[in-house]
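The values are calculated or read from the model by the stated rules, or taken from the named source; none is laboratory data. These numbers come from a predicted model, not from an experiment. Cβ coordinates were reconstructed from backbone atoms using ideal geometry, including for glycine residues, and neighbour counts include every protein chain displayed. Just the protein is used for accessible areas: all its heavy atoms, side chains included, with ligands, DNA and RNA removed. Shrake-Rupley method; radii C 1.70, N 1.55, O 1.52, S 1.80 Å.
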Amino acid sequence: MRHLVLTLVLLALSAPALAERYLSTFGFSVEIPSHWSVMTRNELKDNPDMLNFDNEIFANTDRELVRQMIEMVRSGRIEVYFNQRTSTERFADNINVYRQPGRIPANNAELSQACRALPVQLSRAFGRSLNLHACELRKVAGLRSLYLDFDGVVEGTRSVQYQVDKGNGEAIVFTLTSRGDTLSTNNREFDDIVGSMILE
């Protein structure tokens with residue numbers, strides 16, 4: 001009986017969360033677990049108070065950074081997925097998604113050059129010294145991608161990114177930013193989400 005209970009507990013813990021296929025306006029679909037909420041331009045129209053600055057969740061947040069993010073969502077330039085299960089009042093673990101022109105490195109020589117330049121570019125963009133933990137070419141959902149792992153812009157967070165080659169000189173960029181203590185869980189789910197990508 002004890003073995004049966006243990007087996008049921010292990011199965012429950014390893015069972016994947018139910019996921020729904022989400023169709024992005026950026027020309028792809030992905031499976032997103034039910035405990036991730038999606039914020040898009042339409043979602044902000046339907047729920048204008050979704051990002052109310054009076055909410056204590058924004059107490060220690062750079063409001064200008066949040067304003068910029070909201071404006072990017074409103075204009076349709078970015079989508080954001082929030083993990084409701086791991087987020088706290090102080091930080092919301094999230095995935096942001098956008099399209100960008102350009103191509104990922106075509107070979108190891110180009111990759112090496114990009115990886116050398118990235119730490120300086122990231123540090124300049126975020127205004128503090130950031131470490132690059134991984135920079136490599138990977139296949140995800142059958143597509144070529146540049147995979148990056150670097151310190152998050154918020155102290156104590158980590159960012160993991162896939163720049164997926166969509167073709168025609170365009171990439172879809174998925175960036176997970178997670179607190180350190182929830183990174184392994186979020187990273188697994190992030191890999192599953194990006195790995196479920198289907199170009200439309």
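Length gain on complete extension for the stretch PHE126 to SER24, per 0.36 nm per residue less the alpha carbon to alpha carbon distance? It would help to have the intermediate numbers written out before the result.
Numbers: separation 102, 0.36 × 102 = 36.72 nm, distance 2.74 nm.
Roughly 34.0 nm would be gained on extension.
Could you work out how far apart the two model spin labels at ARG85 and ASP192 are, taking each label as a point 7 Å from the Cα in the direction of the beta carbon, and quote it in nm?
Between ARG85 and ASP192, the simple spin-label model gives 0.7 nm.
With a Förster radius of 35 Å, plug the Cβ-Cβ distance of ALA114 and SER75 into 1/(1 + (r/R0)^6) and report the FRET value to the nearest 0.05. Provide the component values of the computation, followed by the final result.
Numbers: r = 28 Å, r/R0 = 0.80.
Between ALA114 and SER75 the formula returns 0.80.
So, with a 1.4 angstrom probe, what is the percent of accessible area on the range 116-158 that is carbon and sulfur? Kindly include the intermediate steps, with their values, before the conclusion.
Details: 1240 of 2440 Å².
Accessible surface attributable to carbon and sulfur in the range 116-158 totals 51 percent.
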